Amino acid sequence: MHPVDVDRQTEVSAAVPGSGGALDEAVLRDLRRTFRGELLQPGDPGYDAARRVWNATVDRRPVLIARCTGTADVLTALRFSRDEGLAISVRGGGHSVAGHAVLDGGLMIDLSPMKGIRVDPEARRASVQSGCLWSEVDRETQQFGLATTGGVVSQTGVAGLTLGGGQGWLARKHGYSCDNLVAADVVTADGGFVVADADRNTDLFWGLRGGGGNFGIVTSFQFRLHEVGPQVLTGQLFYAPEEAVRALEAFREFVAGAPDEMTCTASVWTAAEEPHLPERAHGRPVVMLGFVFVGDVEAGERVSAPLRRIAKPLAELVGPMPYTVLQAQGDEYQRHGLRRFWKSQYLWDLPNAALETFLGRGPVSPGEPLLGGVTLLSLGGAIAHVGEDDTAVSHRNAAFDVMVSSTWADPADDDRHMGWARRFHGAMAPFSRGVYINNFGSEGEERIRAAYGPTKYERLVALKHRYDPDNVFRHNQNIRPSSSRLPG
Ligand code: FAD
């Protein structure tokens, strides 16, 4: 096992097996002959930028970063790690909350230079290399009025998000990102290469759709596309604490009857001096109900009308916007370079006691405007139309994902910010069962099991044993192979 400081979100990785000291220059010279991309060592220009990931609590120093230009580089880097006895991490978009993309002392296989995207508008397919971010995919597909389900922050990597499932504004209509995966090119732990799809390596294809980066390095994804936008209807309705209970009760009722085009959120945070909010709201808890309707804009206006009448809002921002703008809306707040702590869990319904606990977040939060928030995201729709055993993704019938996220800048504040998030999470836990594998940090093996449930977890362990018996791919939400007393 990695030494895991359970629930500090990031692993204490100084003692990762396979970590090495500086590499021998002769060995690197050989590698340079066959590797086309950049190879970065500590001290090289670009090394620090390449090892930086989204969560600034993660500060790790690989002995080598291999910036891959294609599948051949990935194969070369993987073989090199085996020959040199180096542990590896794999980087897509670098958004793993735990910072799994980067490791101390080993080899970081960095896919971020692999940016190829090809859209076939007629077949409604996109081939996407694994260094792409969702902003890049949306840009290409929206040229043709098409899209596939991606995350709600456009700077998130396609690879990690898809391999864990992939929630987003299109998921209730078109399924998770992984439900739209048609095929994947995969470099395997033994240094081989396979294609996984509905006909070839079907067990692997099953595991790639929710099992994370455990089974191989995906170098390219092929996605199914759908007609989307270019305009979608979005809304943000803000309520003072006095209206909060009424607003949330109505939200619960509205969500239960909403069509698949409609995804709703409810969140609570402490308002900053936001220009759209009246002064009396500044510095106080505020509740926001949000919605995105990905069908016809006029239909969205009709569908959302009852939600807009439920209580008197402090402010309301409703209107159509381009899908690509919607996707980028969270980018500034979710920028790289800040310290982050996330916890999340699934809710299967929303009893009054859960609503009250959700709203009780205000008093336990650290108080700084915008630095901490709690959010409910409505699920269901097409997510639940896929069978529970059809992919590795679990808990498809959950009604909501509830997430607490904390953001701060000063390491001295770590305990305070993590503390309130833990307290909120603990208070919601009696109403919850299961968790989404992409929405938490390093919380230990039990939490990974909870993401799949016992039966599916055992199936994933067997698959891991088949495709990665030595646990080469272990810097992730790790599923250890069945035989294993191996590093993990
Ligand atoms: P990375 O840190 O690069 O990789 C994540 C994991 O995947 C690592 O273990 C890595 O080794 C492995 N990996 C990466 N690429 C490959 C590959 N090609 N082959 C094999 N393994 C690979 N999730 C959602 O579902 N919906 C959202 O809307 C959403 N929004 C988010 C917003 C933010 C700001 C953040 C930080 C996260 C969000 N997430 C969301 C969670 C997100 O899905 C995960 O953090 C995901 O792991 C990010 O993928 P990545 O490629 O950017 O991350």
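The values are calculated or read from the model by the stated rules, or taken from the named source; none is laboratory data. Model, not experiment: these values are computed from the prediction. Note that each Cβ is placed from the backbone with ideal geometry, even for glycine, and that neighbours are counted across all protein chains shown.
Right, His395: under 19 Å from the mean Cα position of the chain (by Cα), over 14 Å from Asn214 (Cα atoms), modelled with pLDDT of 95 or more and buried (at least 21 other Cβ atoms within 10 Å of the Cβ) or not?
On the way: under 19 Å from the mean Cα position of the chain (by Cα): yes; over 14 Å from Asn214 (Cα atoms): yes; modelled with pLDDT of 95 or more: yes; buried (at least 21 other Cβ atoms within 10 Å of the Cβ): yes.
Judged against the criteria, His395 is a match.
What is the number of the single condition among (1) over 9 Å from the mean Cα position of the chain (by Cα); (2) over 25 Å from Gly300 (Cβ atoms); (3) near the ligand (Cβ under 7 Å from one of its atoms) that Asp185 does not meet?
(3)
Residues Leu248, Leu289, Leu233, Leu225: which one is crowded, with 20+ Cβ neighbours inside 10 Å, under 30 Å from Val194 (Cβ atoms) and away from the ligand (no atom under 16 Å from the Cβ)? Before you say what the answer is, go through the steps one by one.
Working: Leu248 fails: under 30 Å from Val194 (Cβ atoms); Leu289 fails: under 30 Å from Val194 (Cβ atoms); Leu233 fails: under 30 Å from Val194 (Cβ atoms).
It is Leu225.
Any idea which residue in segment 55-68 is nearest to Thr407 (Cα to Cα), counting only those that are touching a strand residue (DSSP E or B) at 6+ places or on another chain (Cβ under 7 Å) and within 11 Å of the ligand (Cβ to nearest atom)?
Asn55
Would you check if Thr270 is surrounded by 17 or more Cβ atoms within 10 Å (Cβ to Cβ) and modelled with pLDDT under 90? Working first, answer last.
Numbers: surrounded by 17 or more Cβ atoms within 10 Å (Cβ to Cβ): yes; modelled with pLDDT under 90: yes.
Yes: the conditions hold for Thr270.
Is it the case, given these coordinates, that Gly43 is small (Gly, Ala, Ser), crowded, with 24+ Cβ neighbours inside 10 Å and not in a helix (DSSP H, G or I)? Reasoning before the result, please.
Numbers: small (Gly, Ala, Ser): yes; crowded, with 24+ Cβ neighbours inside 10 Å: no; not in a helix (DSSP H, G or I): yes.
Spelling it out, it is not the case that Gly43 is small (Gly, Ala, Ser), crowded, with 24+ Cβ neighbours inside 10 Å and not in a helix (DSSP H, G or I).
If Pro278 meets every condition in (1) touching a residue at least 60 places away in the same chain (Cβ under 8 Å); (2) farther than 17 Å from Gly150 by Cα apart from one, which number is that one?
The single condition Pro278 does not satisfy is (1).
Within segment 108-144, how many residues are more than 22 Å from Ile88 (Cβ to Cβ), of a type in the set (S, T, N, Q), within 14 Å of the ligand (Cβ to nearest atom) and buried (at least 24 other Cβ atoms within 10 Å of the Cβ)?
The qualifying residues number 0.
Taking the condition of being within 23 Å of Ala421 (Cβ to Cβ) and either within 24 Å of the chain's Cα centre (by Cα) or of a type outside the set (S, T, N, Q) (or both), how many residues in segment 265-280 meet it?
Let us first name the residues in segment 265-280 that are within 23 Å of Ala421 (Cβ to Cβ), namely 265-272, 274.
Applying the additional criterion that residues be either within 24 Å of the chain's Cα centre (by Cα) or of a type outside the set (S, T, N, Q) (or both) yields 265-269, 271-272, 274.
Summing the residues that are within 23 Å of Ala421 (Cβ to Cβ) and either within 24 Å of the chain's Cα centre (by Cα) or of a type outside the set (S, T, N, Q) (or both) in segment 265-280 gives 8.
Have a look at Gly150, Gly191 and point out the one that is in a loop (DSSP other than H, G, I, E, B) and within 12 Å of the ligand (Cβ to nearest atom).
Numbers: Gly191 fails: within 12 Å of the ligand (Cβ to nearest atom).
Result: Gly150 is the single residue among Gly150, Gly191 that is in a loop (DSSP other than H, G, I, E, B) and within 12 Å of the ligand (Cβ to nearest atom).
Could you run through segment 153-182 and say how many residues are in contact with a Ser or Thr (Cβ under 6 Å, 6 or more places away or on another chain), in a loop (DSSP other than H, G, I, E, B) and more than 8 Å from the ligand (Cβ to nearest atom)?
The number of residues fulfilling the criteria is 3.
Are any residues in segment 82-101 within 16 Å of Arg67 (Cα to Cα) and near the ligand (Cβ under 8 Å from one of its atoms), and if so, which ones?
Listed by number, the residues that qualify are Ser89, Val90, Arg91, Gly92, Gly93, Gly94, Ala101.
I'm trying to understand the selection: among the residues of segment 204-241, which are over 23 Å from the mean Cα position of the chain (by Cα) and closer than 22 Å to Pro481 by Cα?
Correct list: empty.
Out of all the residues in segment 149-179, which are farther than 24 Å from Ser81 by Cβ and either among the hydroxyl-bearing types (Ser, Thr, Tyr) or more than 16 Å from the chain's Cα centre (by Cα) (or both)?
First pass over segment 149-179, keeping only residues farther than 24 Å from Ser81 by Cβ: 149-156, 161, 165-179.
Listed by number, the residues that qualify are Thr149, Ser154, Thr156, Arg172, Lys173, His174, Tyr176, Ser177.
What single numbered condition from (1) over 26 Å from Tyr176 (Cβ atoms); (2) of a type in the set (A, V, I, L, M, F, W, C); (3) touching a Phe, Trp or Tyr at 6+ places or on another chain (Cβ under 7 Å) fails to hold for Ala409?
It is condition (3) that Ala409 fails.
If you scan segment 350-371, which residues turn out to be at pLDDT 95 or above and either within 16 Å of the ligand (Cβ to nearest atom) or outside any helix (DSSP H, G or I) (or both)?
Once the filter is applied, which keeps residues that are at pLDDT 95 or above and either within 16 Å of the ligand (Cβ to nearest atom) or outside any helix (DSSP H, G or I) (or both), segment 350-371 yields Leu350, Pro351.
Select from segment 456-488 the residues that are more than 17 Å from Leu204 (Cα to Cα) and away from the ligand (no atom under 16 Å from the Cβ) and write down the one among them that is modelled with the lowest pLDDT.
Ranking the candidates gives Arg485 first.
From the list Thr71, Thr76, which one is within 13 Å of the ligand (Cβ to nearest atom) and more than 26 Å from Arg339 (Cα to Cα)?
Values: Thr76 fails: within 13 Å of the ligand (Cβ to nearest atom).
Exactly one residue qualifies, and that residue is Thr71.
Taking the condition of being among the charged types (D, E, K, R) and closer than 30 Å to Met114 by Cβ, how many residues in segment 221-262 meet it?
Initial filter on segment 221-262 (among the charged types (D, E, K, R)): 224, 227, 242-243, 246, 249, 252-253, 260-261.
Imposing the further condition that a residue be closer than 30 Å to Met114 by Cβ reduces the set to 224, 227.
The total comes to 2.
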